[in-house]
Amino acid sequence: MKTSTLLVVVLVLTTGCVTLEPRALGALRETAAGTPPLQGLPAVSSNETTRREVASGGTATRGPPTCGGQAVPAGWPDFSAGGEELLAPFLTCTSPAGFVALQEGVDMPRLVEALDEWRAVRLGALGPVREDAAHLLQRKRAAFLVSATERHGLMHAEVFALFVLHSAHDDEVDEVLRLLAREKRLGQTLALMPAVREELKARGLPLSDYPERAERAGDVLRGLGRAARDALSTSQTSDGLRYMNLSARRAQLPPPYQQALHEVERALAERHFSAGSVALGGFDAMTFGVPLGFYYLVAGTGHGAYSLSQGQYEQATRELAPAMLLGALYAGGKGLRAQSEARGAPSAGLGGARGLGLSEPRLAALTEMARQLEARLGVDGLRALARDIRASREAGRFVAVGGVDAALALRQARGDVARARAMMSKARPGATGSSGMSTPKGAGAAEHAGGLASLVDERVGLTREVVEARLALVEFESAGPRLPRDVAVLEKQRPSLEALPPGAEGNPRWGEYVGYFEKRLREIEEGRAVEGPLRWEAYERMRGWFARGLAFERLMLEVLRADAKLPPTERRFFGDFDQPRIETYVGVWKPGTGLRYADILVIETGKPAGWPPRVETFSFKSRNLSPLKENALKAQMIEDAREALRKYGETLDIRRPSLKPLFRQGSQVPVARVRLIYEGGELKPKDVGVLKKAVDATKAAVPGVEVLFQ
């Protein structure tokens, strides 16, 4: 009889407020209503864990894995260690992009399996977990919702349940609901939580769409087992342990959820369950409507808790709306971290008593990123982007990895990730910088949306650092009109994201130009710049031709790779090679020209050991030669050939470390031939006779350089 009484008491305590909704939980529900909850997703073209050997012209080499500027402990991940040690490095990440990058090279299914349910939930709130571990994460989330309800009671569990829902994508929530329904757990957990039911309904996932399976004989035994656990939990020892567990978990929640749990405990202590007894004013303002944002807005403390000062709440809520915050966090990625660090923001750390809140520089960087997105998409576009990111883990990961360009492509594709990916990889008319000519096949559509990230293709060696270095050279050599190298004049003509000049409306490269102008102004102030910045029209023209040139290079790479696979007698380019090895964007150095990146460097690997390998280089040009007369055409082509020979011919110092074993006689390598290949089509002179004369004149004037058109 005594046991029965205890069971009744437990049931009353854990279900007595099922039909009543404390305002703390109501506020939690409102947090995500109409605004996308953050859960994490997308991978890195801008990888925070990658170091580049740019100075030596090498390909990407990975140093020790890092996140948020913090190196992971030696030997991580050690699956025999405790769960917190496995999770800790992820807590140092400062963006969803960094979180995604840290997962590369890690056995994520094994790592998620090694985490307990609560740590798996915390991992999922940091960003998009890799696809091969995602289903395991959803199972752990579902199991956590069940165990939290049993262990902590419905009122406490409802706060944790809202945290899980707010930090998960819609497709992930759908999977969790299906798992619970399949195990006949919805009616015992989420269905008894009013705030959760309303949250799910607002997101288009009403519980009525998830009917539970029919009753089974085993369900009776399962119910008896739960009743026994509930009875045991009423013992003083069990209550103490359970409260310690609850307190530890509460400390690892974002502050608004901690406050909600505090109000729940106060209401339970007072045994007063009216809706007016639990209040949490300003919850929406404190979370900005995006709970996941806390993990990337603050620095970590040793125990994994997070905090923000009240003053920072006030400033952030004035400047940031939920959709802007989500877009900035996901699309900002590495760039956001770089901005904040450049301004002196501390990065998150694992240990010690750092406990620092959101710094002013980091807040300013986040705000600036949000404003840039708003300038490109508008307020309605940002809200739609936030919904796109919330809709699926795949969409979130896509934006986290691709940054601003991926965000723009996703919005243009109306949230269709497959279509957005295609837009990032296929050609699109009008993406050149000068005459409105079509972009050659292979140019990314996102380039039309602007942004250097769209030009990066690490599969062919075109890393972010290589793109930036090459663009800097092109800008330096550009003959376009420039502003004077005068700080006072530049300050007066300083561009801004808000004031667009005529013709720049809707052009995403305007934001890039503003950043370029600011950087050049700083260089001039510090005495490091030789020339003033290009004027906007000249920059846009230069930038467009630069993108077109890279697209042509990618196209030629495919042509050359196909040629290398043919029998030697059928090859157009590699007839002099037995086994040509094609390397892209290789760093080469010459005393007169310094470090350059050869478009293509080809090495013979089929000769016996001891033979000096044959080396040839290719230089590609996207230049509009069609309007030039005969003499002007000859002069331009001879100048181009001499430049190619000067930069990529004669003798080169190969700076890529991975290639040095091929050159046993040293990295100083003679180049047998340089091929200068022009983009054809509409850029090619129409008069065949004039063109032939120009080609012949070039070959005669610059021996060692072969001139071709593609």
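The values are calculated or read from the model by the stated rules, or taken from the named source; none is laboratory data. Because the structure is a prediction, the values reported are computed rather than measured. Counting neighbours? That spans all protein chains shown, and the Cβs are built from the backbone with ideal geometry, glycine included.
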Report summary line: Note on the range 628-686: residues β-branched (Val, Ile, Thr) and in a helix (DSSP H, G or I) are Ile638
Query raised in the report: Is there a residue in the range 340-354 that is at pLDDT 65 or above and not assigned by TED's automatic domain parsing to the domain that holds Val514?
Result: no
**Report entry** Boolean, Val100 is within 27 Å of Cys67 (Cα to Cα) and in a helix (DSSP H, G or I)
**Finding:** yes
Query raised in the report: Is it true that Val121 is assigned to a helix (DSSP H, G or I), among the aliphatic types (A, V, I, L, M), crowded, with 23+ Cβ neighbours inside 10 Å and in contact with a Phe, Trp or Tyr (Cβ under 7 Å, 6 or more places away or on another chain)?
Result: yes
Query raised in the report: In the range 82-122, what count of residues is obtained for those that are within 18 Å of Val176 (Cβ to Cβ), among the charged types (D, E, K, R) and free of Cβ contacts under 8 Å to residues at least 60 places away in the same chain?
Result: 4
Report summary line: Note on Ala420: of the conditions (1) surrounded by 21 or more Cβ atoms within 10 Å (Cβ to Cβ); (2) in a loop (DSSP other than H, G, I, E, B); (3) modelled with pLDDT of 70 or more, unmet is (2)
Query raised in the report: Name the residues in the range 562-576 that are surrounded by 13 or more Cβ atoms within 10 Å (Cβ to Cβ) and outside any loop (DSSP other than H, G, I, E, B), would you?
Result: Asp563, Ala564, Pro568
Report summary line: Counting only residues that are crowded, with 20+ Cβ neighbours inside 10 Å and among the polar types (S, T, N, Q), the range 189-219 contains a total of 1
Report summary line: Taking the range 647-677 and keeping only residues that are crowded, with 21+ Cβ neighbours inside 10 Å and among the aromatic types (Phe, Trp, Tyr), one is left with Tyr648
Report task. Would you check if there is a residue in the range 641-657 being under 42 Å from the mean Cα position of the chain (by Cα) and farther than 24 Å from Pro591 by Cβ? Result -> no
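Quick one: which of Gly506, Gly515, Gly549 is under 26 Å from the mean Cα position of the chain (by Cα), surrounded by fewer than 18 Cβ atoms within 10 Å (Cβ to Cβ) and in a helix (DSSP H, G or I)?
Gly515 is the lone residue from the list that is under 26 Å from the mean Cα position of the chain (by Cα), surrounded by fewer than 18 Cβ atoms within 10 Å (Cβ to Cβ) and in a helix (DSSP H, G or I).
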Query raised in the report: Can we say Tyr585 is touching a residue at least 40 places away in the same chain (Cβ under 8 Å), buried (at least 19 other Cβ atoms within 10 Å of the Cβ), at negative phi and among the hydroxyl-bearing types (Ser, Thr, Tyr)?
Result: no
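Please tell me if Ser478 is at pLDDT 85 or above and either over 25 Å from Leu377 (Cα atoms) or not aliphatic (A, V, I, L, M) (or both).
Yes, satisfied.
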